[in-house]
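Engineer: Please find one structure pasted underneath; my questions will follow.
The values are calculated or read from the model by the stated rules, or taken from the named source; none is laboratory data. Every value quoted in this text rests on a predicted model; they were computed, and no experiment measured them. We place every Cβ from the backbone using ideal geometry, glycine too, and count neighbours over all the protein chains shown. Remember, those area values only see protein heavy atoms, side chains included, never the ligands or the DNA or RNA. Shrake-Rupley method; radii C 1.70, N 1.55, O 1.52, S 1.80 Å.
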Amino acid sequence: MSERNLETVQTEIDQAVKKDTVVAFVKGNPAMPMCGFSKGVMDVFQHLGVDFKTYDVLEDPLIREGVKHYTQWPTIPQVFIKGEFVGGYDIVKDLYQKGELQKMVGASEK
């Protein structure tokens, strides 16, 4: 078994973001968010009733650093839709308020 390193983690991240429609790298999880911005991202998707997969970066320092390298984006949370990097909380909130996020994930307002 090979050692995990930044390079192998990049492959893990690439596979993860392509596996599910909506993927969020967050601090904590939907039941116990550990950061207000991560909570905000999860709240938006829960409000929309959209299935989303989260990865808690606090559980795995290699994933935490790896996702930043993968996207060249320095902060968490990081959201991917259909394998494409969207951004963090501010971008997700802005897209949601404009009604664009709903189109991207195929959701309608509840």
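Engineer: Set the Förster radius R0 to 25 Å, insert the Cβ-Cβ distance between Glu84 and Glu59 as r into 1/(1 + (r/R0)^6), and round the FRET efficiency to 0.05.
Structural biologist: Step by step, r from the Cβ atoms, then E = 0.55.
Engineer: Can you send over the carbon and sulfur percentage of the accessible area for region 32-105, probe radius 1.4 Å, protein chains only?
Structural biologist: Summing carbon and sulfur atoms, their accessible area is 53 percent of the total for region 32-105.
Engineer: Let me spell out the model: positive unit charges on the Cβ of Lys and Arg, negative unit charges on the Cβ of Asp and Glu, origin at the Cα centre of the chain. What dipole size does that give, in debye rounded to 20?
Structural biologist: My answer is approximately 280 debye.
Engineer: List nothing, just return the count: lysine pairs in the chain, 8 or more apart or interchain, with Cα separation under 18 Å.
Structural biologist: Lysine pairs meeting both conditions in the chain amount to 19.
Engineer: Next up: Starting from region 20-110, pick out the GluC sites (Glu not before Pro) whose DSSP state is loop and whose Cβ has at most 15 other Cβ atoms within 10 Å.
Structural biologist: Glu59, Glu109
Engineer: With all pairs of different alpha carbon atoms counted, what Kirkwood hydrodynamic radius in Å does region 64-104 show?
Structural biologist: 10.7 Å
Engineer: Nearest 500 deg cm²/dmol is fine: what mean residue ellipticity at 222 nm does the chain get from its DSSP H runs of n ≥ 4 alone, each adding -39,500 (n - 2.57), divided by its residue count?
Structural biologist: When only DSSP H runs of four or more count, the value is -15000 deg cm²/dmol.
Engineer: Just the accessible area per residue of the chain, please: how many Å² with a 1.4 Å probe?
Structural biologist: 58 Å²
Engineer: Would you kindly state how much longer the chain becomes between His69 and Asp51 on full extension, computed as 0.36 nm times their sequence separation minus their alpha carbon distance, in nm to one decimal?
Structural biologist: Working it through step by step, the gained length comes to 3.9 nm.
Engineer: Of all GluC sites (Glu not before Pro) in region 1-54, which ones are in loop regions per DSSP and have a Cβ with at most 16 other Cβ atoms within 10 Å?
Structural biologist: Glu3
Engineer: Find which of Gln102, Thr71, Gly88 sits farthest along the positive direction of the dipole of region 59-110, computed with +1 on the beta-carbon of Lys and Arg, -1 on that of Asp and Glu, about the Cα centre.
Structural biologist: With unit charges placed on the Cβ atoms, the residue in question is Gln102.
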